[in-house]
Amino acid sequence: MERPERAAAALDAQPRANGCSDAAHGALRNGYVRGLPAPDTQLNHIVHNGGLYKRPFNEAFEETPMLVAVLTYVGYGVLTLFGYLRDFMRQWKIEKCQNATEREEQKDFVPLYQDFENFYNRNLYMRIRDSWNRPICSVPGAKVDMMERVSHDYNWTFTYTGRVIKDIINMGSYNYLGFAQKAGTCQEAAAKVLSQYGAGVCSTRQEMGNLDKHEELEKLVARFLGVESAMAYGMGFATNSMNIPALVGKGCLILSDELNHASLVLGARLSGATIRIFKHNNMQSLEKLLKDAIVHGQPRTRRPWKKILILVEGIYSMEGSIVRLPEVIALKKKYKSYLYLDEAHSIGALGPSGRGVVEYFGLNPEDVDVMMGTFTKSFGAAGGYIGGKKELIDYLRTYSHSAVYATSLSPPVVEQIITSMKCIMGEDGTTVGKARVQQLAENTRYFRRRLKEMGFIIYGNEDSPVVPLMLYMPAKIGAFGREMLKRNIGVVVVGFPATPIIESRARFCLSAAHTKEMLDTALKEINEVGDLLQLKYSRHRLVPLLDRPFDETTYEETED
């Protein structure tokens with residue numbers, strides 16, 4: 001049996017959450033669980049290497065309850081069995097086949113696609129297809145108008161009724177700072193530029209499509225990010241997929257987070273570099289890959305890698321988690337690799353002045369080799385950017401496919417970005433931008449806390465405006481989306497293959513444009529639907545104590 005002195009020493013040696021000390025009664029300040037976690041705890045919390053963090057870093061991913069996981073697999077199994085039965089009935093003309101099929105005269109040709117590949121779309125997705133692609137007929141602000149549609153053939157086709165559903169609370173758009181609006185300074189500035197420059201440029205930047213507005217935008221982005229230079233692109237997805245191949249190639253190694261966006265994945269594959277995946281936000285997994293890469297070098301030849309590039313995101317849009325950037329930078333410096341940071345969701349949404357995850361952690365922008373982001377979310381516009389050293393940007397102007405072949409950004413879109421960015425920076429002479437950043441942070445913490453108090457399983461970081469609420473079972477994906485729409489709340493539901501098969505979820509995106517009344521209305525309806533569909537799976541339910549300290553969270557353990 002271990003002596004008390006040794007046990008105490010072992011306890012003291014354990015890593016603290018971001019360097020925080022234990023509070024009274026065994027509670028970990030800024031942590032999620034009262035007392036030290038048992039080996040079989042249901043809550044995975046990220047609390048290592050606290051000395052690198054200048055602020056609390058709280059993330060939680062409560063494990064799927066075993067019963068829920070089993071029932072989810074059973075649900076998919078039943079759907080699959082009925083799918084095979086319906087395919088059999090379609091083959092024998094018992095049921096009408098409405099999916100795309102090869103023409104009779106092409107039956108002997110090599111098929112354009114394997115029939116089984118369409119099985120999921122045919123028999124599972126089609127049942128809940130009405131939860132996606134809903135037509136919006138207004139600006140995607142805090143509230144939206146939606147065209148009503150109905151289906152008489154189980155979602156194979158839709159018919160518009162001509163009715164417009166008004167004032168739906170929009171909990172799905174990436175309008176983090178509320179700049180997607182039809183009135184105000186941004187709209188007025190964009191309208192003025194539209195009358196002067198027109199809607200399109202009709203050329204690439206290297207030919208006749210380089211406007212003074214583009215030059216102004218890039219200088220402003222560089223100042224906003226705190227880097228030497230920046231370049232703007234017309235599409236956020238292409239900013240990743242077309243620039244990564246310009247930075248690395250054969251003989252290079254890419255270390256990519258397993259939950260990186262499809263644009264990063266496509267760019268990595270197009271580059272021709274060797275790709276290795278590390279576990280999501282797991283620094284031990286990343287460091288092991290870095291060590292192995294340096295020790296073993298390239299396969300077969302054992303030559304050193306030409307470059308090692310680490311690909312991460314600021315906020316992961318399906319998990320709501322924030323990259324552990326201080327640790328990534330520490331590893332990058334230790335092993336002399338390069339860092340590519342995708343700030344599509346974090347720029348504008350994190351940091352005291354909206355400058356993203358780098359500012360959120362109080363880090364130096366020079367420690368990030370390639371800073372990428374998009375204008376499609378916090379700025380209410382379109383396109384993307386890359387910022388970094390002047391040598392990097394000059395190189396990309398020549399070798400990036402997006403720079404050489406893609407049409408330039410539309411002038412009104414450029415003006416929307418410039419006006420909104422100046423507003424965030426306070427260069428418009430007001431404090432509106434700063435107030436929006438603060439309002440988004442307040443809305444995020446309030447919304448997350450209330451959902452946890454209700455007993456839902458919520459993923460991600462407490463400061464992330466992306467809030468995944470776990471649904472798990474396939475039948476509840478469509479049911480949740482429909483029930484929320486009945487109550488005039490617009491939500492995004494996500495399932496396989498965008499998420500693991502048993503981790504279907506609803507994804508809420510908070511906005512500075514949301515008022516407390518809107519959030520309370522949405523929370524009330526979510527609570528009702530949660531009871532109706534039995535979605536309150538959490539075993540670590542928050543106790544809403546009025547006298548709870550600001551930086552502590554307590555849990556009420558619930559029985560299975």
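How large is log10 of I(q)/I(0) for the chain at q = 0.08, 0.09 Å⁻¹ when the intensity is taken from the Debye formula with one equal scatterer per alpha-carbon?
-0.61, -0.78
Quick one: accessible area per residue over the chain, 1.4 Å probe, rounded to a whole number of Å²?
Numbers: 26930 Å² over 560 residues.
On a per-residue basis, 48 Å².
Ignoring ligands, DNA and RNA, please state the percent of accessible area on the chain from carbon and sulfur, probe 1.4 Å.
For the chain, the apolar C and S fraction of the accessible surface comes to 56 percent.
For the chain, what does the helix formula give at 222 nm: sum of -39500 (n - 2.57) over DSSP H segments with n ≥ 4, over the residue count, nearest 500 deg cm²/dmol? Numbers along the way, then the final one.
On the way: 16 runs with 202 residues, N = 560.
The per-residue figure over the chain is -11500 deg cm²/dmol.
Nearest 0.05, what FRET efficiency do Phe88 and Asp153 give at R0 = 25 Å with Cβ-Cβ as r? Working shown, then result.
On the way: r = 20 Å, r/R0 = 0.79.
With R0 = 25 Å, the Cβ-Cβ based efficiency is 0.80.
Within 10 Å of each candidate Cβ there may be at most 10 other Cβ atoms; applying that plus a DSSP loop requirement, which trypsin sites (Lys or Arg not before Pro) in segment 212-291 survive?
Working: sites: Lys213, Lys219, Arg223, Lys250, Arg269, Arg276, Lys279, Lys288, Lys291; in loops: Lys250, Lys279.
When the trypsin sites (Lys or Arg not before Pro) of segment 212-291 are filtered for loop state and at most 10 Cβ neighbours within 10 Å, Lys250 remain.
List the GluC sites (Glu not before Pro) within segment 173-243 that DSSP assigns to loop and that have no more than 15 neighbouring Cβ atoms inside 10 Å.
Working: sites: Glu188, Glu207, Glu215, Glu216, Glu218, Glu228; in loops: Glu207, Glu228.
The qualifying sites are Glu207, Glu228.
What fraction of the Cα pairs in segment 60-177, stated in percent, has a spacing above 17 angstrom? The partial results should precede the final answer.
Working: 4948 of 6903 pairs.
That tail contains 72 percent of the Cα-Cα pairs.
Where does the charge balance sit around Val193 when Lys and Arg score +1, Asp and Glu -1, over other residues with C-beta under 12 Å from its C-beta? Don't skip to the answer; put the middle values down first.
Details: positive: Lys192, Lys213; negative: Glu188, Asp212, Glu216, Glu415.
Taking every Cβ under 12 Å from that of Val193, the sum is -2.
Between Asn133 and Val74, what FRET efficiency comes out of the Förster formula 1/(1 + (r/R0)^6) with R0 = 25 Å and r the beta carbon distance, rounded to 0.05? Please list the in-between numbers first.
Values: r = 29 Å, r/R0 = 1.15.
With a Förster radius of 25 Å, E is 0.30.
Straight distance only, please: which lysines reach the Cα of Lys476 with their own Cα at less than 22 Å, same-chain residues fewer than 8 apart left out?
Filter leaves Lys452, Lys486, Lys524, Lys536.
Anything over 18 Å Cα to Cα? Flag those among Lys219/Lys422; Lys288/Lys334; Lys390/Lys422, in the order listed. Before the final figure, lay out the partial values.
Values: Lys219/Lys422 12 Å; Lys288/Lys334 13 Å; Lys390/Lys422 22 Å.
Long pairs (Cα-Cα over 18 Å): Lys390/Lys422.
I want to check the label-to-label distance for Asn210 and Phe119. Put each point 7 Å from Cα in the C-beta direction and report it in nm to one decimal.
Here the answer is 5.4 nm between the modelled labels.
Measure off 7 Å from each Cα along the Cα-to-Cβ vector at Leu81 and Asp292, then give the distance between these two points in nanometres to one decimal.
Calculated label separation equals 4.0 nm.
Which of rounded, prolate or oblate describes segment 305-446 when judged by the alpha-carbon gyration tensor and an a/c cut-off of 1.5?
Details: a/c = 1.98, a/b = 1.17, b/c = 1.69.
Oblate.
Checking understanding here: applying a Kyte-Doolittle mean of at least 0.0 and a length along the axis of at least 30 Å (C-alpha), which whole DSSP H helices in the chain pass? Let's see the in-between values first.
Values: long enough: 66-91 (38 Å, 0.94); 432-454 (33 Å, -1.13).
Those that pass (Cα extent of 30 Å or more, hydropathy at least 0.0) are 66-91.
Could you order Tyr76, Tyr84 by accessible surface area, starting with the largest, using a probe radius of 1.4 Å?
Working: Tyr76 15, Tyr84 115 Å².
Output order, biggest surface exposure first: Tyr84, Tyr76.
Kindly work out what percent of the DSSP beta bridges joining two residues of the chain are antiparallel, to the nearest 5.
Numbers: 38 of 57 bridges.
Roughly 65 percent of the DSSP beta bridges within the chain come out antiparallel.
With both partners inside segment 185-425, how many of the DSSP beta bridges are antiparallel, as a percent to the nearest 5? Can you show the working numbers first?
Numbers: 11 of 28 bridges.
Restricted to segment 185-425, the bridges split so that about 40 percent are antiparallel.
Tell me the net charge near Ala403. Cut-off is 11 Å between Cβ atoms, Ala403 excluded, with +1 for each Lys or Arg and -1 for each Asp or Glu. Before the final figure, lay out the partial values.
Details: positive: Arg205, Arg397; negative: Asp394.
Summing Lys and Arg as +1 and Asp and Glu as -1 gives +1.
Note down the nm distance, to one decimal, between modelled labels 7 Å out along Cα→Cβ at Lys54 and at Ala191.
4.2 nm
Between Gln98 and Asn488, what length in nm is gained on full extension when 0.36 nm per residue of separation is reduced by their alpha carbon distance? Can you show the working numbers first?
On the way: separation 390, 0.36 × 390 = 140.40 nm, distance 3.15 nm.
Here the segment from Gln98 to Asn488 would lengthen by 137.2 nm.
Roughly how many Å is it from the Cα centre of segment 276-305 to that of segment 136-187, as a whole number?
Taking the Cα centre of segment 136-187 as reference, the centre of segment 276-305 is 46 Å away.
The values are calculated or read from the model by the stated rules, or taken from the named source; none is laboratory data. Bear in mind that the values here come from a model prediction, so they are computed numbers and not experimental data. Glycine also receives a Cβ, built like all others from the backbone with ideal geometry; neighbour counts cover every protein chain displayed. Heavy atoms of the whole protein, side chains included, go into the accessibility calculation; ligands, DNA and RNA do not. Shrake-Rupley method; radii C 1.70, N 1.55, O 1.52, S 1.80 Å.
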